[in-house]
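Worksheet: one structure, shown below.
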Amino acid sequence: MSGKLFCAGVAAIACLLGTQTVWGQEAGTAGLEKDAGATPVAQPSPSWQAGVAMGFKVGTLGPGVDLTVGIAEKFNLRGNLSYLGFAYHREEDEDDYHFKLSTLTSLLLLDWHVGGGQFRLSAGACLANGYGRYEESSTEDIKVGDNRYPGAGVGTLTKKVSLPTLAPYVGIGVGDAVDEDSDVTFSFDLGVVIPWCDVTVSADGPLASDPAFRVDLAKEKDDFTDDVRDWPVYPVLSFGMAFKF
């Protein structure tokens, strides 16, 4: 009798343990299903990293090179070096005309990429070294100021505009050379340099020391200065390509 009771007790304990195990498995499965349906936790975005890029461009400042350095999120520091130069010579009847332009310019700009996109606002300084020179000579007469003088007496009439050493720059553009998603980027810039120029007018003929001629020469300089001031800003338009490294 005692043996039967022992066997019955063991069977009851086994049944109880088995029932608890099934309940535990069902509860665990339900918990997993509940966790699987939960909204995943957003992972933090990667932190900003500095970048460096080298670019090439062409525009109204001439062909040039760019160096762009990322200094903060949405902000880049950009340096540019460009050269523009050409010469023109024309002979017309008894007159001889020469024009020459030679400028070396460098820009140091801070680019703000508004909203972190490709569009940017730029401001900085333009350092320029160069000149534009116009020369006129003739075997006939040359008009100087309000009068005409013999070409042999005037010699070569020279008008020269010397560029400033420093001028402000403001502009807009498209393109982020240090964009983390691209190793090659294209860019566009539209801006203005606000220069101040040194204007000179001179003649190297024997009339250069004549008082009346010097009055007309001063008048010629005033007229030429007014022509230069009709262009208060120099437009900067450029297209370029940059490579990140």
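Structure above, values below:
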read-out: Residue ranges of strands (runs of 3 or more DSSP E) in the stretch 113-167 with at least 1 members touching a Leu at 6+ places or on another chain (Cβ under 8 Å) and open to solvent by less than 60 Å² (accessible area, probe 1.4 Å); value: 119-138, 141-144, 147-150
read-out: Search result, residues across the stretch 77-89 that are open to solvent by less than 70 Å² (accessible area, probe 1.4 Å) and farther than 11 Å from Leu108 by Cα; value: Ser82, Leu84, Gly85
read-out: Those residues of the stretch 96-112 which are farther than 30 Å from Ile142 by Cβ and touching a Ser or Thr at 6+ places or on another chain (Cβ under 6 Å), in sequence order; value: Thr105, Leu109, Asp111
read-out: Selection status of Asp198, closer than 30 Å to Gly240 by Cα, under 45 Å from the mean Cα position of the chain (by Cα), at pLDDT below 95 and open to solvent by 30 Å² or more (accessible area, probe 1.4 Å); value: no
read-out: Some residue of the stretch 171-188 being part of a strand (DSSP E or B), hydroxyl-bearing (Ser, Thr, Tyr), in contact with a strand residue (DSSP E or B) (Cβ under 6 Å, 6 or more places away or on another chain) and open to solvent by less than 60 Å² (accessible area, probe 1.4 Å); value: yes
read-out: Number of positions in the stretch 113-158 that are among the aromatic types (Phe, Trp, Tyr) and touching a Ser or Thr at 6+ places or on another chain (Cβ under 6 Å); value: 1
read-out: Those residues of the stretch 155-183 which are at pLDDT 95 or above and in contact with a helix residue (DSSP H, G or I) (Cβ under 7 Å, 6 or more places away or on another chain), in sequence order; value: Lys159
read-out: Failed item, numbered, when Ala72 is tested on (1) exposed (fewer than 14 other Cβ atoms within 10 Å of the Cβ); (2) more than 30 Å from Glu180 (Cα to Cα); value: (2)
read-out: Every residue from the stretch 189-224 that is more than 30 Å from Ser122 (Cα to Cα) and among the β-branched types (Val, Ile, Thr); value: Thr200, Val201, Val215
read-out: The lone exception for Pro232 - which of (1) part of a strand (DSSP E or B); (2) open to solvent by 80 Å² or more (accessible area, probe 1.4 Å) it fails; value: (1)
read-out: Subset of the stretch 97-112 (residues that are open to solvent by 40 Å² or more (accessible area, probe 1.4 Å) and over 17 Å from Gly171 (Cα atoms)); value: His98, Phe99, Lys100, Leu104
read-out: Among residues of the stretch 103-149, those that are touching an Asp or Glu at 6+ places or on another chain (Cβ under 7 Å) and hydroxyl-bearing (Ser, Thr, Tyr), counted; value: 5
read-out: All positions within the stretch 160-188 that are among the aliphatic types (A, V, I, L, M) and touching a Lys or Arg at 6+ places or on another chain (Cβ under 9 Å); value: Val161, Ile172, Val174, Ala177, Val178, Val184
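The values are calculated or read from the model by the stated rules, or taken from the named source; none is laboratory data. Owing to the predicted nature of the structure, the values given are computational and were not obtained by experimental measurement. A quick note on method: Cβ atoms are made from the backbone with ideal geometry, for glycine too, and the neighbour counts reach across all protein chains shown. Each accessible area value is taken on the protein alone, full model and side chains, heavy atoms only, with ligands, DNA and RNA left out. Shrake-Rupley method; radii C 1.70, N 1.55, O 1.52, S 1.80 Å.
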